[in-house]
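Note sheet for the following structure.
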Amino acid sequence: MSKIRNSLSRGHRFPAEVIAHAVWLYFRFPLSLRMVEDLLAGRGIMVSHETVRRWAEKFGRDFANKIRRRAPQFGDKWHLDEVVITISGKKHWLWRAVDQDGFVLDALVQSRRDRRAAERLLRKLIRKQARIPRVLVTDRLGSYGAARKDMGMKFEHRQHKGLNNRAEN
């Protein structure tokens, strides 16, 4: 245990390891406070869900930051592509975004294939990734360029028929 965590948990009834495990369970997995209470009870640790809530409130920021830091960092070169799909006999477009290593960044289904649809995908990606790409690779669809221009983005945009094969694959 780190000195900070031990000093924060000083004065609590339970050891720092128990508190750390409870808070880790709550933030790492989609569990409710009562589920964490039940999991701890299964290990012989009788603690109320209210106590778990207070621990999560007090120690949660530290754990959430550590989990976020350990999450994989995606590349700064994004490949975007769209493909037509049929849902209930109606044509829709599946917009996909992949980074240079092949990790799927996001996917979005829309009923149109225009500037607004591309702009919505870009906004969603930037909000989810919390940064803009260094390079954007797309096919020759003009909607991507129009969306980038309307959003005022200054990243490099490469448009070529074969460059975005990573997104198509």
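Among the helices (runs of 4 or more DSSP H) contained in region 1-114, which hold 1 or more residues that are within 17 Å of the chain's Cα centre (by Cα)?
16-28, 49-70
Which residues, counting only those in region 139-153, are assigned to a helix (DSSP H, G or I), basic (Lys, Arg) and farther than 14 Å from LEU121 by Cβ?
Across region 139-153, the qualifying residue is only LYS149.
Please pick out the residue among ARG69, ARG131, ARG123 that is farther than 24 Å from LYS161 by Cβ, free of Cβ contacts under 8 Å to residues at least 24 places away in the same chain and among the charged types (D, E, K, R).
Sole residue among the options that is farther than 24 Å from LYS161 by Cβ, free of Cβ contacts under 8 Å to residues at least 24 places away in the same chain and among the charged types (D, E, K, R): ARG69.
Can you tell which of VAL135, VAL109, VAL83 is surrounded by fewer than 16 Cβ atoms within 10 Å (Cβ to Cβ), out of contact with any Asp or Glu (no Cβ under 9 Å at 6 or more places or on another chain) and either among the hydrophobic types (A, V, I, L, M, F, W, C) or at pLDDT 90 or above (or both)?
The match here is VAL109.
The values are calculated or read from the model by the stated rules, or taken from the named source; none is laboratory data. Computed from a predicted structure; not experimentally measured. Neighbour counts are summed over all protein chains in view; Cβ atoms, including those assigned to glycine, are modelled from backbone coordinates with ideal geometry.
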